[in-house]
Each structure stands twice: as C-alpha cells, then as structure tokens.
Amino acid sequence: MAIKDYIRERFFPHIWCPGCGHGTVLNSLLRTVSQLGMSRNEIVMVSGIGCSSRISGYVDFHTLHTLHGRALAFATGVKLSRPELNLIVPMGDGDALAIGGNHFIHAARRNIDLTAIVMNNRIYGMTGGQYSPLSGHGTLATTAPYTNIDYAFDTVELATAAGASFVARSTTYHVQQLAKILKQAILHEGFSVVEVLTQCPTYFGRKNRLGSAADMMEDYKNNTTPIGSKAKKENPDLIERGVFVQKEIPEYCSEYDKIIERAMKGK
Amino acid sequence: MKTENIKFIQGNEACVEGALYAGLDFFAGYPITPSTEIAELLSRRLPQKGGKFIQMEDEIASMSAIIGASLTGSKVMTATSGPGFSLMQEALGYAIMTEIPCVIVNVQRGGPSTGIPTHVSQGDVNQTRWGTHGDHAIVALTASNHQDVFETTVEAFNISETYRTPVVLLYDEVVGHMRERLRVPETGELPLAERLRTSVSEGVDYHPYLPREDGRLPMSDFGGVHRYNVTGLFHDMWGFPSDNPKVVHGLLRHLVDKIQNNVNQIARFKEFYLEDAECILISYGSSARSARHVVEYLRPRGERIGLLELQTLWPFPHDIVNEKCANAKYMVVVEMNMGQILREVKRAVKNPERVFLANRIDGVFIAPRDIRDILRIIQGKGV
C-alpha cells in the first residue's frame, strides 16, 4: 500500500513546527509498515501527551491518544485483551521517562509485545521548552535559565536494565537505519524500545544555540557512531546507534495463554 | 432451589460473582486493603473462562489498562480503595470524556491519605462525584448486603454499557469483608445489557462520536473494520481534537445530559415503612443495615419511622428523595462521613432545616444503638 494510504489527510496540516524531527519519524514508520505489508486494521497506535504523541492522529490505524505518561499502560490493556493486534507506542522523552517512567520499566520487565518508540528531543516542546529527564547536565531550558543540574537517563541502558528484549537507537538523520530498526522492532516478539534522537530547533535548539534544524541533524551525523565502532573507542563521547539488545524470551501474552490453559484444566 | 447456588461469602466475593455473571472479560488492579480479595479471586477465576487478569504497577496503570481493554470490546473492571481511587481520577476522567464503558470498585476505608486502611468509612462519596477535574457526570452505585452487592455489580455493567460511561461501585469495608449468604441467580434471571455496536459496514464512513437521536453512541471495537481516533481532548464526530466552541459546548452537554436526563432510570433504592413515616432515615451501604435495624426495632414500639435506602448515589435522585420525604416531619441521614449525602438530601427536600445527621467518623461501624442515641438527641430538639 502507498504511504499516502496510511495517513489521514483529512487531519493535515500537522501541528509540528518547521524543522521538527517528528515528521521524519512518522515518515520512517509508515515506510516500514508499508514494507511489511501490514493491514491498517491490525495496527493500534497508542500515544500519550506531547508534540510527539500527536502522531497518532495522523495515521489511519486504530489510534488511542491517551494521558500524559500512560500510553504503555493503555497499550498493555489493548494488547493483553487482543494479542493478535500490533501495538505501536510512540512517546516523547518526558512522556516516556519522566511521568511515564514507571510504566516504561514495568512494560519492559513484563516483556509484553509492544513497540515503544521514544522520540527524544530532550525537551518539553508542547509546553514551551522546559528541561526533560533527557536534556542532560549543563543544558538550558525555560525552567533551567542558569543551567540544568539534572543528569540525563540513558534510554538504552535503562530499557536494557529493565528487561526489554529489543533495544535500539537511531536518529532522524539516519533514516535508512531508522526504518530498518523500526522493522526489526515491530517484528520482534516482546517489548521493544527504539530511541530516536529527533531535533527540536524551536526550543532545545534555540535555547542551546544549536543552530537550524539542518545543523542539529548534522550534529546527529557527527556525534553518533555505529555500536562498537573504532570511532567510539577513540572518542567515548560519541553516541552509539544500532541494535543493542535482541533476545528471545517468553512474551507476556503467550505466557498468559499458558495460564489460561492451566486454569481451564483446573491445575 | 439449587443448593450449589447458595454461598456463604464476603461482600468482595459477591462482587466478583456479580461481575462474572455480567460477563467480565478483563480485570487490571493493584493490591490495596480492603479490596484485595477481588483481585485475588479474579486472578483465579478469570483465566478459567478464558478471561484476562493483570496486576499492574499501580492504580493509574490499572485504570488505563482496563480502558484500553474495553476499547477492544471486553467488559472490564478494576477494584481499589481510597488512595488507589485518588490515583485513578485522571484516567476516570478520560473514560468519561472518551465514553468508554468500565466499572471501578471502591471498597471504602477511612481517609484522607493512608487513613485507617482496615476500618470502615463512607468518606469517598463526594470524591466519586467530583474527584476528576472539569464538569462531568458520573454514576455510582452501592449496596448494604451481598445479594444487593451482586445485583448492583451486574447493574453497574449494564449501565456502563448502555450509557457508555464509567460506573463506580462504592462499597465499604464492612460490606466488603462481612460474610453472609448469597444466592447466585440462574443464567437469564437478571437482564444483561450488551454493548451497542455500529451497524455501519466496512468502507462506509463511521462517525465514532456522532450520537444517535436517542443520545447513544454505537461502538466499533479496536481491531475491527472501522479505524478511528480516541482522545481525551475535546473532539469532533471523528474523534479528532477540536477547539471549535460549538463542538466543545456540544460534547460537554452530551456527556452531562446523557446521565442527567436519565436520573430516574439509573436510580435504585429500597423503601421500608415510608407510607406513614414521620421520621425517615436515609442511608446506604453498610450503615443502612443499622438504620434498618433501628426501624424494625422502633416500629413495634409505636414509632412512625421508615427507611429510604439509596443504592444509586450519583446521579443523586433529588426528585425521588423529595417525593418520598414529602410527608415526613423530619429526616435523618445515617452515614459514616461528615455529611456528604446529608448535603444532597438538604438540597432535595422542601424543608432542609428538618434534615439531621447521624454519623460516625472514627473508623467504627455505626451500630443501631448509635443511631438511636442520636435520634433521642434530635427528638430532644423538639422535632
């Protein structure tokens, strides 16, 4: 199916600012879904609150725009109730890891088959540029006018430690890699986390003097490197891209099917 | 009568039996006293019928999960008590806004805060009405004995599906933990309301949030042939966010009117000796047991006293209360809080100065003697 057939043109134009990276994520995601030949009726997209979460309005799937931070909890209910559906859960960094941090680690621990996409722009965009748990020490934000003294989570390490069975990272600059990773994540049976570095030129970029959207994307090119590369050894500050974790462990809904079998046998 | 249908169980178990009778498919919850038995029992019973049980990481997640599950067509429930109910308020508002059927059991304990977890209270009545932000309507039912717990639980599912609204079952610790007899009705004995699903066929525009003339919204299950958007933002007939003043006004009116226009249909109550009663006790939940006892004790002693037992607390049946109390000289509201239903009764009757309160707020169940003692004081005031 053509990409155009996966979007709700009725609801465009979208709300994102010029230069925002979220459109690139939407583009990569739809290309992936198209490549996989998935039916629109078998996909449920659940999102929370924030710029990134508005993505669910634009796609022609079953879409559930929920509460700030709770997308994974709603998605868990949908998935466990109807395990045959494919659940895609895009979230912002504040949505996923501040207010939704608890749901994030517990969804990972359960290994329920959801595809969580953390669209990391290091800022609360919709409310106008406050620091997020991924902004990082030394950054500036409207709530950190002197400097931010909060240290950032590493999404990949957090997801890995919490037990996610698929963990990956890419950026809006590396669209080919991003689409490939999203494909693997959707096909993976279990909880998968894809962190996407996505630029917010309007707030994070402007506050931290990072230049235009194109400059910020160029930074993704220059400041990231494939996992385990020679460049990483030479420059430990580089951010690694690629698939960090991919392991086959029992998925939650399949395990629950076994519970039903036992219960029905009366054991 | 089949003896296997007779059980000697806790109120929490009666609630579970009622939920399963109503067709519960999915439960998400988090342990909290005094509601935990509901989760424990359902973790055993639901998979036996192919249903799903999940213990979530908190009550916020529990409430969120049941809403998600309901959208796929499941009948859903969660159970909690005060602190957990507080955590559920935001998602409760989401279910109201998105009109997703779900049942929330709150087995009340004493608050505020952690309060007095193993003791009884009816202090969450007004939280149930106004706990989530914004103008809205809500349905809350309660009961004083296990047969009624069973029936109100079934009714909660029926109302929830009929009006596409969350329904709160506002039980209390005494009803939840007390053991007494329950007769489980035969299949078909109690009516069950099934979800109204859209008849719009595939390929034809389905407007998920365009009410029919009767105000009802036929649903389409997530995973079915109609794909649509669900959002907690004000939304148009497509379910897409809108800040058009007409859309905002229309949706808010619809959410409130669909409940308020059906107050008398939703109202459940029982009456005892009201015909000639000069004094009417008004009570609900476990305190109605003591109130009933007082009435049965004083009637043979010549007192013209009656009981109006409310089973629907929200929407409050003002007209019914007014009508039932029309000929009484005075009314005494018996409840275990500082007068939450008292206020509604005063608003309902034509002589609010003749409405008194008999209550306990110390975590101790209000006994018939407590009520009689308070009645003597009230009568001493010259009523």
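Since every read-out is calculated from the coordinates, none of them should be taken as a lab result. Bear in mind that the values here come from a model prediction, so they are computed numbers and not experimental data. Note that each Cβ is placed from the backbone with ideal geometry, even for glycine, and that neighbours are counted across all protein chains shown.
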Legend entry - At R0 = 25 Å, FRET efficiency that the Cβ-Cβ distance of B:Ala326 and B:Arg183 yields, to 0.05: 0.10
Inset, instruction - Using only C-alpha positions, report the orientation-averaged shadow area of the convex hull of the protein assembly as shown, nm², one decimal. - result: 32.4
Legend entry - Axial C-alpha extent at least 27 Å, average Kyte-Doolittle at least 0.0 - helices from chain A (DSSP): none
Legend entry - Averaged over B:41-54, number of beta-carbon atoms from partner chains that fall within 10 Å: 4
Legend entry - Exposure proxy order (Cβ contacts within 10 Å, fewest to most) of B:Val139, A:Val118: B:Val139, A:Val118
Inset, instruction - Taking chain B as the reference, fit the longest principal axis to its C-alpha atoms, fit the long axis of helix B:82-98 to the helix C-alpha atoms, and give the angle between the two in degrees, 0 to 90, nearest 10. - result: 50
Inset, instruction - Using only alpha carbon pairs under 8 Å that are at least six residues apart, calculate the relative contact order of chain B and give it in whole percent. - result: 16
Inset, instruction - Using only the C-alpha atoms of chain B, find the volume of their convex hull and express it per residue in Å³. - result: 148
Inset, instruction - Please report, in debye to the nearest 20, how large the charge dipole of the range B:177-250 is about its Cα centre when each Lys and Arg carries +1 at its beta carbon and each Asp and Glu carries -1 there. - result: 260
Legend entry - Average other protein chain Cβ within 10 Å of Cβ, residues A:255-261: 3
Inset, instruction - Only bridges with both residues in the range A:160-267 count here: give the DSSP antiparallel percent, nearest 5. - result: 30
Legend entry - Which listed pairs, of B:Lys52/B:Lys75; A:Lys79/A:Lys258; A:Lys180/A:Lys247; B:Lys258/B:Lys346; A:Lys221/A:Lys247, have C-alpha distances above 21 Å, in listed order: B:Lys258/B:Lys346; A:Lys221/A:Lys247
Inset, instruction - Please find, in a Gaussian network model of chain B (springs between Cα atoms separated by less than 10 Å), the residue of B:Asp370, B:Asp221, B:Asp205 whose mean-square fluctuation is greatest. - result: B:Asp205
Inset, instruction - Work out the length of the dipole vector of the protein assembly as shown about its Cα centre, built from +1 on the beta-carbon of each Lys and Arg and -1 on the beta-carbon of each Asp and Glu, and round it to the nearest 20 debye. - result: 200
Legend entry - Tensor-based shape of the range B:1-140 (alpha-carbon gyration tensor, a/c under 1.5 rounded, otherwise prolate or oblate): oblate
Inset, instruction - Could you tell me how many degrees, from 0 to 90 and to the nearest 10, lie between the Cα long axis of helix B:36-48 and the main elongation axis, the longest principal axis, of the Cα atoms of chain B? - result: 40
Legend entry - Debye, to nearest 20: dipole size of the range A:18-265, +1 on Lys, Arg Cβ, -1 on Asp, Glu Cβ: 120
Inset, instruction - Could I get the Rg over Rh figure for the range A:168-267? Both from C-alpha atoms, Rh via Kirkwood, rounded to two places. - result: 1.21
Legend entry - For the range B:263-383, with +1 on Lys and Arg beta carbons and -1 on Asp and Glu, the positive-most of B:Phe272, B:Met338, B:His318 along the dipole: B:Met338
Legend entry - Residues B:Asn126 and A:Val175, FRET efficiency given R0 of 56 Å [Cβ-Cβ distance, rounded to 0.05]: 0.55
Inset, instruction - Have a look at B:Val332, B:Val175, B:Val204 and tell me which one the Gaussian network model of chain B (Cα, springs below 10 Å) gives the largest fluctuation. - result: B:Val204
Inset, instruction - Return the FRET efficiency for the residue pair A:Tyr146, A:Ser212: r is the Cβ-Cβ distance, R0 is 22 Å, and the value is rounded to the nearest 0.05. - result: 0.30
Inset, instruction - May I ask for the angle, rounded to the nearest 10°, between helix B:59-71 and the longest principal axis of chain B, with both axes built from Cα atoms and the value confined to 0 to 90°? - result: 60
Legend entry - Dipole axis of the range B:150-240 (+1 Lys, Arg; -1 Asp, Glu on Cβ), positive-most option in B:Gly176, B:Leu217, B:Ile159: B:Leu217
Legend entry - Share of pairwise Cα separations in the range B:165-211, more than 17 Å, in percent: 69
Inset, instruction - Indicate the gyration tensor shape class of the range B:271-380 (rounded, prolate or oblate), computed on the Cα atoms with a ≥ b ≥ c the square roots of the eigenvalues: a/c under 1.5 is rounded; otherwise a/b larger than b/c is prolate and the rest oblate. - result: rounded
Legend entry - Antiparallel content of DSSP bridges confined to the range B:271-380, in %, to 5: 10
Inset, instruction - In nm, give the distance between the simple-model label positions of B:Leu210 and A:Met1, each being 7 Å from the Cα along the Cα-to-Cβ direction. - result: 2.2
Inset, instruction - Would you kindly calculate the mean projected area, averaged across all directions, of the convex hull enclosing the Cα atoms of the range A:18-265, in square nanometres? - result: 13.4
